[in-house]
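First up is the structure itself, then whatever we jot down about it.
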Amino acid sequence: MSRRAVVIGAGLAGMLAAAALSDAGADEVVVLDRDDLPEGPGHRRGLPQGHHAHLLMPGGLDAMEELLPGVDPRGRLLAAGAHEVSLSSGLLALTSEGWLRRWRRTGPVMLTCTRPLLDWVIRTAVLEHAPVKIRKAAVTGLTGSVGRVHGVRVAVADDEHRDEELDADLVVDASGRGTRVVTWLDGLGLSGIRERTVDSGLVNASRLYRVPEGAERFPLTIVQANPFVSRPARSAMVMPVEGGRWLVSCGGSRGGEPPADPEGFLRYMLGLPDPIVGRLVSGAQPLTDVRLSRSTSNVRRYLEKAPRWPDGFVALGDALATFNPAYGHGMSVAAFGARVLGRELKGVAGELGAPGLARRVQRGAARVAEGAWSMAVSQDVLYPGVRGGTPTAADRVVSAYTRRVTRAATGSYPAASALWGVTGLRTPPARMLRPATVLAALAGSPLPPSTLPPMTPGERKVLERLDRTGV
Ligand SMILES: Cc1cc2nc3c(=O)[nH]c(=O)nc-3n(C[C@H](O)[C@H](O)[C@H](O)COP(=O)(O)OP(=O)(O)OC[C@H]3O[C@@H](n4cnc5c(N)ncnc54)[C@H](O)[C@@H]3O)c2cc1C
């Protein structure tokens, strides 16, 4: 019996799901995307967030390595110019509680590169190693019934008014933040899916610069937003990407949005609690305009709670849950969802249409999205003007405790490593409640918080040389 899987969307969730499907033995995996996909690491319409900084957290990279055995995604990304950034030693990070100390130990490592490069490397790796086909087509709906999805309806490319049907044993919706999954399910008779949106009104503003000579090894530098002062979030980051470039991103929630004009963009960075990002880039050569993104709300579709679920259909990645990008978790959660799919498929010997499989995958994918969701929402509700949520008593307790761990993390290794584990998505948020972390939080930092960035003398010289602001 031929077993065909159809994946809607050739973004990260879609390509990783295709790898999992192929690895589980699907005879045919067809990925449909409405975009023409670029031959190299180029921008495209369906991926507008590609202009903004994307951190690939250690937990997400682990999941990709499991999904692409023998492909070495980390090695391929590094060979293509991505950078490894150690969370313990390679970051200059100002938190709400002061600068994080830099340790000698390497600790967990995240990857930085442009999003177009990341997508291109992963897409190419999947296509080289698995019999996956990509076809240009816009999906307009699902076929089948509330008990079983039989395939998708796609718009015929040369005729806007005509659809054709494509049958599949399993359909994966990986069509991202703009998915129409709730409407599509409604069309099958499955209505009443609950959705929640928590929108801090965050605006992201990003610009690429040429890394100035001598600054090639300057660490990723971030001035984080402070959720504890009843003011809008305002943050800035300069991160190294391929091609000797810095990608500089500012993020501000409602009332604190960064502007798109170059002078205002620089002023915004210089006006943060520490002007370091603005000072660094003040003398650097810009390579692009400032690009804005307003697609930043947290959206959760509670598909796993539907009273019934059709066999033969799952939704993964941003189609299931999207997060405020300030936390850098969306791509990792997309990889976790694909990993759930792969593991569940192995449990049914790759039988794509196995009864109950889709529901188990949907529930598992929801579970692995939960940590990132609760971290994002419990912090976002603290910002003024947020829509879709107010802080509950539990949020206030969690945020007071997180603040305490963060304060301890400025100088205590156990507290810092708990924080990297959770924010790097290597361990669930419950790690914060392990006895060692609680003790570290109670003990606090053995050192007073540093008011100055923990730079080496060489880095200080680089900053002074680059600074054109006189701040
Ligand atoms: C400004 C910004 C910054 C971010 N920064 C980070 C970060 O630092 N770290 C991180 O991990 N995440 C970050 N994210 C989140 C990350 O971009 C998403 O979580 C990730 O792209 C989700 O992948 P996906 O494959 O689910 O969706 P997408 O990458 O959006 O892919 C969806 C695909 O589906 C296609 N498609 C859509 N509709 C259809 C249709 N009807 N038919 C056919 N094809 C269709 C699209 O063309 C696209 O190719 C950021 C997001 C934003 C907005």
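Descriptive notes on the structure:
- Exposure ranking of 186, 169, 467 by accessible area [1.4 Å probe, largest first]: 186, 169, 467
- Near the amide H of residue 148, within less than 5 Å, lie the amide hydrogens of 311, all on another chain or at least 5 residues away, with H placed in the peptide plane.
- Contour minus Cα-Cα distance for residue 436 and residue 452 (0.36 nm per residue): 3.0 nm
- Mean separation of Cα contacts under 8 Å, 6 or more apart, over the residue count of the range 238-352: relative contact order %: 15 percent
- Anchor residue 346: lysines whose Cα lies under 23 Å away (excluding residues fewer than 8 positions away in-chain): 133
- Carbon/sulfur fraction of accessible area - the range 155-219, other protein chains in place, 1.4 Å, %: 40 percent
- Near-label residues of the range 34-71 by backbone N, under 18 Å of a point 7 Å along Cα→Cβ of residue 289: 43-53
- The range 124-168 versus the range 1-41: alpha-carbon centroid distance in Å: 10 Å
- When +1 charges are put on Lys and Arg Cβ atoms and -1 charges on Asp and Glu Cβ atoms, the dipole computed for the range 239-369 relative to its Cα centre reaches about 640 debye.
- Once the chain from residue 66 to residue 194 is taken as fully extended at 0.36 nm per residue, the excess over their C-alpha distance is 42.9 nm.
- Extension gain for residue 45 to residue 210 (0.36 nm times residue separation, less C-alpha to C-alpha distance): 56.9 nm.
- Take the chain with all the other protein chains still there, run a 1.4 Å probe, and you get 42 Å² of accessible area per residue.
- Pairwise label distance in nanometres, residue 468 with residue 392, each label 7 Å out on the Cα-Cβ vector: 5.1 nm
- Lys/Arg +1, Asp/Glu -1 at C-beta; the range 57-105 dipole; positive extreme among 77, 61, 92: 92
- Cα gyration tensor of the range 1-143 - equivalent ellipsoid semi-axes, whole Å, descending: 32, 17, 13
- Cα-centred dipole magnitude for the range 415-471, charges only on beta-carbon of K, R (+1) and D, E (-1), debye, nearest 20: 140 debye
- The per residue volume of the convex hull around the alpha-carbon atoms of the range 73-208 is 231 Å³.
- For the range 259-379, a/c is not less than 1.5, where a ≥ b ≥ c are the root eigenvalues of the C-alpha gyration tensor, and a/b tops b/c. That puts it in the prolate class.
- Computed accessible area, residue 129, all protein chains, 1.4 angstrom probe, square angstrom: 110 Å²
- Note on the range 234-263 and the range 47-86: Cα centroid distance 21 Å, given to the nearest whole angstrom.
- Coupling constants for the range 220-233 follow from the phi torsions by the Karplus curve (6.51 cos²θ - 1.76 cosθ + 1.60, θ = phi - 60°), and in residue order they are 4, 10, 9, 10, 7, 6, 10, x, 9, 10, 6, 10, x, 5 Hz; glycine and proline get x.
- Options 265, 209, 152, ranked by Cα towards positive dipole end of the range 138-296, top entry (Cβ charges): 265
- When only the Cβ of Lys, Arg, Asp and Glu is charged (+1, +1, -1, -1), the dipole of the chain relative to its Cα centre reaches about 1700 debye.
- With Cα atoms, 0 to 90° folded angle of helix 357-380 axis to the chain main axis: 20 degrees
- Accessible-area composition of the range 35-151, carbon plus sulfur, in percent [1.4 Å probe]: 51 percent
- Which of 324, 117, 103, positive extreme of dipole for the chain (C-beta unit charges): 103
- Residue 323 exposes around 10 Å² of accessible area when a 1.4 Å probe is run over every protein chain in place.
- Dimensions of the chain from C-alpha coordinates, computed as largest minus smallest value along each principal axis and given longest first, are 68, 46, 41 Å.
- Using the Cβ of residue 279 as centre and a radius below 15 Å, the other residues enclosed give a net charge of +1, where K and R count +1 and D and E count -1.
- Here the Karplus curve 6.51 cos²θ - 1.76 cosθ + 1.60, taken at θ = phi - 60°, turns the phi angles of the range 262-277 into couplings of x, 5, x, 4, 5, 4, 4, 5, 6, x, 6, x, 9, x, 4, 5 Hz, with x standing for Gly and Pro.
- Short-range pairs are left out: with C-alpha atoms under 8 Å and at least six residues apart, the relative contact order of the range 364-467 is 22 percent.
- Rounded to the nearest 10 degrees, the angle from helix 413-423 to the longest Cα principal axis of the chain is 40 degrees.
- 13 Å beta-carbon shell around residue 364, net charge (K/R +1, D/E -1): +4
- Computed from Cα atoms, the angle from the helix 457-466 axis to the main principal axis of the chain rounds to 80 degrees.
- Mean-position separation - Cα centroids, the range 99-119 and the range 391-451, in angstrom: 20 Å
- When each of the peptides 59-66, 22-29 is scored by how many other beta carbons lie within 10 Å of its residues on average, the order from highest to lowest is 59-66, 22-29.
- Cα pair distances exceeding 14 angstrom across the range 250-327, given as percent: 72 percent
The values are calculated or read from the model by the stated rules, or taken from the named source; none is laboratory data. Note that the coordinates shown come from a computational prediction; the quantities given were computed from them, not determined experimentally. All Cβ positions, even for glycine, are placed from backbone atoms using ideal geometry, and neighbour counts span all protein chains on display. Areas reflect the complete protein model, heavy atoms only, side chains present, ligands, DNA and RNA absent. Shrake-Rupley method; radii C 1.70, N 1.55, O 1.52, S 1.80 Å.
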